[in-house]
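Colleague: Below is a structure I'd like to ask you about.
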Amino acid sequence: MRQCELLELCRSSLYYRPKPIPEADLKLMRRIDELHLAHPFLGARRLARMLGREGIEVGRRHVGTLMRLMGIEAIYRKRRTTIPQKGHKIYPYLLGTVTIERPNQAWAADITYLPMARGFAYLVAIVDLYSRKVLAWRVSNAMTTDFCVEALQEALTRFGAPEISNTAQGSQFTAEDYTNPLEARGVRISMDGKGRWVDNVFVERLWRSVKYEDLYLHAYETVGEVKTALARYFSFYNARRPHQSLDYRTPDEMYFGPGELKKAA
């Protein structure tokens with residue numbers, strides 16, 4: 001009670017526990033995520049219609065609420081895409097005329113929703129755009145800045161600094177905790193502008209791969225299980241999974257080159 005008085009907090013807020021998301025909504029979020037990966041241009045209204053055709057009666061407002069909770073939105077040209085935090089600096093978009101032709105020339109970072117058997121989490125990944133290599137990743141139960149910063153610091157420590165770092169304008173990436181380490185290393189910071197949905201297409205392909213090739217095939221119960229599964233999958237993705245867009249080479253082969261891989265072996 002005394003602590004509440006000192007902090008000027010209502011006692012009821014101290015004891016409040018958020019209600020768990022209903023099982024029906026968790027199943028609905030999983031299906032919305034699948035439809036969004038297959039048809040990322042669909043908004044809440046048309047997703048609700050598609051769900052209705054599958055026998056799932058749900059209104060567009062409820063679909064929109066769940067999409068906001070999941071951190072997803074329809075991909076199309078519009079006035080504003082991701083809303084940045086008030087007071088955060090927004091950087092110009094730099095990749096419009098750049099040809100990506102070498103490792104560490106440009107990195108991209110993004111966040112995606114992860115369904116679990118009894119809940120959900122969020123995944124952030126740092127990807128080298130030339131090789132498609134996943135340089136670092138983190139999982140969190142909230143879309144905060146700290147787990148994005150942790151992934152960035154790991155990527156910088158292990159692989160050095162890129163020439164350009166590209167992200168959306170979300171508050172996780174516009175925060176100084178995220179941008180300051182990049183500026184300190186002389187990295188040019190790029191942020192997607194309006195209508196630039198195509199910029200993160202390689203990261204979107206990564207989300208599709210990790211979900212359809214692993215997460216959707218298993219009903220992971222806990223965040224710990226998800227982390228273990230992702231560590232296993234990204235090791236496979238980087239080192240052993242051939243990519244058609246890379247002429248069936250692996251991201252590690254593209255990033256390090258065959259000579260460096262042979263030395264490491």
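Colleague: Please give the number of the condition residue 167 fails out of (1) of a type in the set (Ser, Thr, Tyr); (2) modelled with pLDDT of 95 or more; (3) within 18 Å of residue 127 (Cβ to Cβ).
Modeller: The number of the failed condition is (2).
Colleague: Also: Would you pick out the residues in region 26-42 that are over 19 Å from residue 213 (Cα atoms) and surrounded by 16 or more Cβ atoms within 10 Å (Cβ to Cβ)?
Modeller: 26, 28, 42, listed by residue number.
Colleague: Residues that are at pLDDT 95 or above: find the helices (runs of 4 or more DSSP H) completely inside region 210-265 holding 3 or more of those.
Modeller: Values: elements: 223-239, 251-256, 258-264.
Result: 223-239, 251-256.
Colleague: Still on this structure: So, restricting to strands (runs of 3 or more DSSP E) that lie completely within region 113-190, which ones have at least 2 residues that are over 24 Å from residue 256 (Cβ atoms), assigned by TED's automatic domain parsing to the domain that holds residue 212 and touching a strand residue (DSSP E or B) at 6+ places or on another chain (Cβ under 7 Å)? Break it down stepwise before answering.
Modeller: Working: elements: 119-128, 134-140, 164-167.
Here the list reads 119-128, 134-140.
Colleague: Among residues belonging to region 18-72 that are assigned to a helix (DSSP H, G or I) and acidic (Asp, Glu), point out the one that is farthest from the chain's Cα centre (by Cα).
Modeller: At the first step, the residues of region 18-72 found to be assigned to a helix (DSSP H, G or I) are 23-38, 44-53, 60-70.
Restricting the remaining residues to those that are acidic (Asp, Glu) gives 23, 25, 33-34.
On the way: 23: 24, 25: 21, 33: 13, 34: 15 Å.
Top of the filtered list is 23.
Colleague: Tell me yes or no: at least one residue of region 135-142 is modelled with pLDDT of 95 or more, among the β-branched types (Val, Ile, Thr) and within 22 Å of residue 233 (Cα to Cα).
Modeller: The initial filter retains those residues of region 135-142 that are modelled with pLDDT of 95 or more, namely 135-140.
If we keep only those that are among the β-branched types (Val, Ile, Thr) as well, we get 139.
Adding the requirement that they be within 22 Å of residue 233 (Cα to Cα) leaves 139.
Yes, because at least one residue in region 135-142 is modelled with pLDDT of 95 or more, among the β-branched types (Val, Ile, Thr) and within 22 Å of residue 233 (Cα to Cα).
Colleague: May I pose another question? Kindly provide the set of residues from region 205-252 that are under 17 Å from residue 34 (Cα atoms) and either touching a helix residue (DSSP H, G or I) at 6+ places or on another chain (Cβ under 6 Å) or crowded, with 17+ Cβ neighbours inside 10 Å (or both), ordered by number.
Modeller: 206, 207, 208, 210, 211, 214, 215, 220 - these are the residues of region 205-252 that are under 17 Å from residue 34 (Cα atoms) and either touching a helix residue (DSSP H, G or I) at 6+ places or on another chain (Cβ under 6 Å) or crowded, with 17+ Cβ neighbours inside 10 Å (or both).
Colleague: Also: Looking for whichever is hydrophobic (A, V, I, L, M, F, W, C), crowded, with 18+ Cβ neighbours inside 10 Å and in contact with a Leu (Cβ under 7 Å, 6 or more places away or on another chain) here; the options are 151, 155, 168. Which one fits?
Modeller: Only one candidate qualifies: 155.
The values are calculated or read from the model by the stated rules, or taken from the named source; none is laboratory data. Note that this is a predicted model, so its numbers are computed, not measured. No Cβ is skipped: glycine too gets one built from the backbone with ideal geometry, and neighbour counts run over all protein chains shown.
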